[in-house]
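The values are calculated or read from the model by the stated rules, or taken from the named source; none is laboratory data. Small disclaimer: the values here were computed from a predicted structure and weren't measured. Virtual Cβ from ideal backbone geometry, glycine too; neighbours counted across all protein chains shown.
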Ligand SMILES: NC(=O)c1ccc[n+]([C@@H]2O[C@H](COP(=O)([O-])OP(=O)(O)OC[C@H]3O[C@@H](n4cnc5c(N)ncnc54)[C@H](OP(=O)(O)O)[C@@H]3O)[C@@H](O)[C@H]2O)c1
C-alpha cells in the first residue's frame, strides 16, 4: 500500500509517498480501506520531530480516518463488522495510508447524514472536544464556556457540541470572516482576538462574572487571559500549547477564584481509555450529528500524495475546520 512517510524531521518537503506492506489486523482489530484521513496539528509536530508516535503504531502520521471495513483480526465478529461497512476511526497514528488496522473500540459508525469522506474530520476533534469539555471540564447545560480557537478543527466541533448541550458559548477567532463563521456554528459571542481585548470582552459578555469553563489551545501564552476569564469555581482545560508549554500562573488569583487548571492528551491514552471516549462520543455526540446540530467542518480535501500541501495549508492559519487527504 501507499503511505506518506516523514523522511527526516523537518518541513513539509519531508513528506513523501512510499510503498509499505499491507497491515494485518491483530486480535480485536479491523482492517479499514481508507476513504479519507484527517490532518491534525499534531501531524505537523510529528513531522518536525516533536511528537513521536506512541509504541506499537505505524511511524507515518494520521490520527483519524474514514473508510470501509475490508477485514477482521481474530475475535472480531463478522456479523457486527461486515466487509463494506462504512466507518470512522480514532488512531494512534498511521492514517496517511491506503489501509489501517485499528482496535474495534476505536471505531465508530459513519453518522447518519454525513458522507463517508467528511466523516474523517470527526473522530479526533469530537473525542478531544467531548472528553475535555465533559470529563475534564465538567461542562453542564446552562453553564458558560469560552473556546479559545473556535475556528480550528477541534474548536469548531467544541463550539457546536457545547451549544447542542445547552451551554452558552463564547469563542475567540482571528478576523471578522472567521468570527462570522463561528457564529454560524452556534457561538453566542465571538471575540476577534486580533482586534479585541479578550479578557475585557469576556467580562462584558458575562456581566463581570466570567465563564465556567475555558477550552484552551494556546497554553502558556493564554494562561493570564484564561485565568482572568474564569468565574469563581471555573475550570481551565488546556489541550494545546500553540503559545508555549511553560508559563507563569497567578496562584493568588487561582485561590481567590477557587479555580481549577487541568489538561489532557488523547493520543497517549490506552486502547481501553480511548475506547471509553469513543463509546461516549457514539452515544452522546453522534445523535447531535445525525439531527444536524453538529456538522463536520471541512475546509479542503487534497489527494494523499499532496500531504505536503495540506501541511502548508494548515500552517498558513487560513484553514477553518479540517483538511482531509484522499488516498
Ligand atoms: N490534547 C489533545 O488531546 C489534543 C487533541 C487534538 C488537538 N490538540 C491540540 O489542540 C490545538 C488545536 O488543534 P486543531 O487541530 O484544532 O488545530 P487548528 O485547526 O490548527 O486550530 C488552531 C486554532 O488556534 C487558533 N488560534 C491561533 N492563535 C490564536 C490566538 N492568539 N488566540 C486564539 N486562538 C488562536 C486559530 O484560530 P484563528 O486563526 O481564527 O485565530 C485556530 O482556530 C493544537 O494545539 C493541537 O495540537 C490537542
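Annotations
- Lone qualifier among 23, 12, 52, 61 - being assigned by TED's automatic domain parsing to the domain that holds residue 301 and more than 16 Å from the ligand (Cβ to nearest atom): 23
- Under the condition of being touching a residue at least 40 places away in the same chain (Cβ under 8 Å) and under 19 Å from residue 240 (Cβ atoms), the residues counted in the stretch 203-220 number 7.
- Residue 77 being within 16 Å of the ligand (Cβ to nearest atom), farther than 24 Å from residue 326 by Cβ and surrounded by fewer than 23 Cβ atoms within 10 Å (Cβ to Cβ): no
- Across the stretch 231-265, the number of residues qualifying as under 20 Å from residue 121 (Cα atoms) and either surrounded by fewer than 17 Cβ atoms within 10 Å (Cβ to Cβ) or assigned by TED's automatic domain parsing to the domain that holds residue 58 (or both) comes to 1.
- Qualifying residue in the stretch 46-57 (condition: part of a strand (DSSP E or B) and either out of contact with any helix residue (DSSP H, G or I) (no Cβ under 6 Å at 6 or more places or on another chain) or closer than 21 Å to residue 278 by Cβ (or both)): no
- Residue check: residue 129 meets all listed conditions (1) over 11 Å from the mean Cα position of the chain (by Cα); (2) at negative phi; (3) in contact (Cβ under 8 Å) with a residue 60 or more places away in the chain but one, namely (1).
- Within the stretch 128-149, the set of residues being closer than 13 Å to residue 211 by Cβ, within 14 Å of the ligand (Cβ to nearest atom) and not in a helix (DSSP H, G or I) comprises 137, 146, 147, 148.
- Qualifying positions in the stretch 108-126 - touching a residue at least 24 places away in the same chain (Cβ under 8 Å) and either outside any helix (DSSP H, G or I) or surrounded by fewer than 24 Cβ atoms within 10 Å (Cβ to Cβ) (or both): 108, 109, 110, 111, 112, 113, 114, 116, 117, 118, 122
- Picking from residues in the stretch 182-192 that are buried (at least 20 other Cβ atoms within 10 Å of the Cβ) and touching a residue at least 24 places away in the same chain (Cβ under 8 Å), the one that is nearest to the ligand (Cβ to nearest atom) is 182.
- Meeting the requirement of 1 or more residues that are under 19 Å from residue 169 (Cα atoms) and within 12 Å of the ligand (Cβ to nearest atom), the strands (runs of 3 or more DSSP E) wholly within the stretch 195-275 are 211-216, 230-238.
- Residue-level analysis places residue 61 among those that are in contact with a strand residue (DSSP E or B) (Cβ under 8 Å, 6 or more places away or on another chain), more than 17 Å from residue 109 (Cα to Cα) and not in a strand (DSSP E or B).
- The condition (being under 17 Å from residue 35 (Cα atoms) and in contact with a helix residue (DSSP H, G or I) (Cβ under 6 Å, 6 or more places away or on another chain)) is satisfied by just one residue among 82, 103, 86, 111: 111.
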